[in-house]
1. So which helices (runs of 4 or more DSSP H) are wholly in segment 38-156 and hold at least 3 residues that are open to solvent by less than 50 Å² (accessible area, probe 1.4 Å) and more than 30 Å from Ser203 (Cα to Cα)?
2. If Glu226 satisfies every condition in (1) open to solvent by 80 Å² or more (accessible area, probe 1.4 Å); (2) under 24 Å from Leu335 (Cα atoms) but one, which is the exception?
3. Search segment 266-290 for residues that are part of a loop (DSSP other than H, G, I, E, B) and pair each with any residue that is open to solvent by less than 60 Å² (accessible area, probe 1.4 Å) and β-branched (Val, Ile, Thr) when their beta-carbon atoms are under 8 Å apart and the residues are at least 6 apart or on different chains.
4. So, in segment 160-180, how many residues would count as being over 18 Å from Tyr128 (Cα atoms) and without any contact (Cβ under 8 Å) to a residue 40 or more places away in the chain?
5. What residue, among those in segment 364-378 that are of a type outside the set (Val, Ile, Thr) and at pLDDT 70 or above, is nearest to Ala337 (Cα to Cα)?
6. Looking at segment 269-301, which of the residues that are touching a helix residue (DSSP H, G or I) at 6+ places or on another chain (Cβ under 8 Å) and open to solvent by 60 Å² or more (accessible area, probe 1.4 Å) is modelled with the lowest pLDDT?
7. Could you check, for segment 327-338, whether at least one of its residues is farther than 26 Å from Ile146 by Cα and aromatic (Phe, Trp, Tyr)?
8. One residue is enough: does segment 178-190 have a residue meeting the conditions under 21 Å from Ala324 (Cα atoms), surrounded by 15 or more Cβ atoms within 10 Å (Cβ to Cβ) and among the hydroxyl-bearing types (Ser, Thr, Tyr)?
Amino acid sequence: MSSDERQAPVPEQDEPGTTVAASIAMKHRAGGVIVPITTALLAFLIGGLVVLATGHNPLLAYRDIFNGAGLNWIFHPTTNIANTAAYNLSQTLLQTTTLILCGLAVAFAFRCGMFNIGGQGQYFIGLYVANWLGHSFAGMAPLPHILIAVTGATLAGAAWAGIAGVMKATTGAHEVISTIMLNWIAIWVGEWLFGDGGPLQNSANKTVPISNDIADSAKLPVFWGEKELQGLHVGFFVALAALVVFSLLINRTTLGYEVRAVGFNPDAAAYGGISVRMNLARAMAISGAFAGLAGALDMLGYLYHYGQSDIPVSSVGFLGIAVALLGRNTAVGVLFASFLFGALLFGTTHGLTSNVIAPDLAGNLTYIIQGLVVLFVGADLLVLSIWNARKKLRPPHRPAAKHAEAAA
């Protein structure tokens, strides 16, 4: 073959799926998995170092947390709730139920570019309303009574968060400041409601600052375990359904498109004819609805009453922030992050009963890991840069056949 007939060398083609656009998309998808996994591993690693610094074995501590959360049930499944592992797992799933909804309350606002730090207050408002409606209408049929209490609590949470949303939309008040203030208002409202002479204080014993018990007709059915032992109630499936609703709402509806558009760029969204103000208020209200629903399920599912002294120590709404951040504001991510933190919450309080870890550290290990997750979750760019830098360190690979062709 003459030199004229010889074809010009064909430029090297990228391997299938490695075009520039495909590469960017792949890195984005990879980052969506790598970052939360790396974040969790770093948090557990540093938490283990803290345990080690106290003179205890972190591997044994994490083993006890694993068993305390009932995760060992996976290897020896049984339907007998009297089994310790089965009971512990049911309690972990109770925590997971609440955390899913509190995580969604933060995640939905995030998708609209807002930081809803008021999930705790919205959770409390839902819990108060559920207690009020659950105690009222005694003797009503269970289904309508439950629906009234759940719906009322969900709407109350939406209205409470909507205050911050309307303030953001109309006056530009930052939602972080307004939701923090609303949290404190919700706390003091509960102190008054359940306190001495409060309208929701237990009418049978006016000397105890605790709420009325809800009626039996308002209690959620338990499908695993005994109601008296805080069995796992049907609210667990409601939380799973909320994940589906969240995903469909964000990804498959006009409302979700507008919410995401405002979150990406409010100026561009407004230029495209999207009402930024309406979506800010609407997104915050929907976020509050998730948190209010969480309060309703807890009250109707296993709490049944709430004490004045219980209010200051509750932090499930704030834990929802870590859940949303670790879950990258996606339905699947929130599910796994909720299960992780639910296992930590119950596992650290019921698994670390031996001398494996210092007693004063056992109750705070969850909060240490939670804080580390929030700290590291902002390291997306750093983690991705390190992950992608490995490709630059690899020597360029040229197949032997191409080397031979070039030599000819």
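1. 58-68, 84-111
2. Unmet condition: (2).
3. The qualifying pairs are Ile274/Val262.
4. Residues in segment 160-180 being over 18 Å from Tyr128 (Cα atoms) and without any contact (Cβ under 8 Å) to a residue 40 or more places away in the chain: 6 in total.
5. Restricting to residues being of a type outside the set (Val, Ile, Thr) and at pLDDT 70 or above, the top hit is Gln370.
6. So the residue we want is Gly272.
7. Within segment 327-338, one or more residues are farther than 26 Å from Ile146 by Cα and aromatic (Phe, Trp, Tyr).
8. Yes, that holds for at least one residue.
The values are calculated or read from the model by the stated rules, or taken from the named source; none is laboratory data. Just so it is clear, the model here is predicted, and its values are computed rather than measured. Don't worry about glycine lacking a Cβ; one is built from the backbone with ideal geometry, like all the others, and counts go over all protein chains shown. Surface accessibility is based on the protein's heavy atoms, side chains included, excluding ligands, DNA and RNA. Shrake-Rupley method; radii C 1.70, N 1.55, O 1.52, S 1.80 Å.
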